[in-house]
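Notes to accompany the following structure.
The values are calculated or read from the model by the stated rules, or taken from the named source; none is laboratory data. Every value quoted in this text rests on a predicted model; they were computed, and no experiment measured them. When we count neighbours, we look across all protein chains shown, and the Cβ atoms used for this are built from the backbone with ideal geometry, even at glycine.
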Amino acid sequence: MKEQIELEKYQAQEQDRELLPKVHLNDISKSIEKNELTFKDINGYHTQWNAQILNELSYIRGFASINDIPRELTPYIPLFCTVFGGMATDKYSYIDLSQRIQNYTGGISCNWSVHHNYGLPSNQATEWGIKFSSLALERNIPHMFDLLSDIFLLKPQGVEQLKSRIQRVNN
C-alpha cells in the first residue's frame, strides 16, 4: 500500500518536459518520397509491386478472379474461403500445412469479393474473386508463395476432414 501511495505522489508531480524528445519543423523533410509501382508478369499473372522498408517484412495482397468457374460452384466459395489454409493439400497434411504457415508466414487469410471493374465493358464489368493476403520475412517469401500456390490448388485429402470443416461453419 505504501508503494501505491508513493507512486501516486510521484505521478501527481509536475514532470520535466525538457527530458522528452522533440520534433521540430526543420526535422521534417519538405520533399515527398514517391513509392514507385512496378508492374510485372509472373507466370502469366499480372502483378503490381510496391517496395517498402518494413524491417524485412513483405506483405502480399492478391485477387484471383473466379469469373470462369461454373456457376453451380459459386455457393461453395465462402466455404472455400473459410477452410483456406486449414485443409490438407497435395503436398502437406493438415498438421504440416498449419505448421508451415506458422513457421514461414504471419498467417494467411482469404475472403471472397464481387466488385465492379471500371476498365471493362459494362457487360463484363462485374468481377467475382477471392482476395487473399499474407506476410513473411524476406527470406521466407519463396515458402509463402509455395504455400499459397498449394492452397489454391486445394485437393482435400479425406472426406471426414471436409465434413468436420463444414460442420464448424454451420455452428
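The number of residues in segment 90-121 being modelled with pLDDT under 85, within 22 Å of Y76 (Cβ to Cβ) and of a type in the set (F, W, Y) comes to 1. Screening K30, K22, K34, K9 for residues that are out of contact with any Lys or Arg (no Cβ under 9 Å at 6 or more places or on another chain) and in a helix (DSSP H, G or I) leaves exactly one candidate, K9. Quick check, is V169 at negative phi, under 22 Å from the mean Cα position of the chain (by Cα) and at pLDDT below 90? Yes: the conditions hold for V169. Mind listing just one residue for me: the one in segment 123-145 that is among the hydroxyl-bearing types (S, T, Y) and under 15 Å from the mean Cα position of the chain (by Cα) and, of those, farthest from E56 (Cα to Cα)? So, considering only residues that are among the hydroxyl-bearing types (S, T, Y) and under 15 Å from the mean Cα position of the chain (by Cα), the one farthest from E56 (Cα to Cα) is S133.
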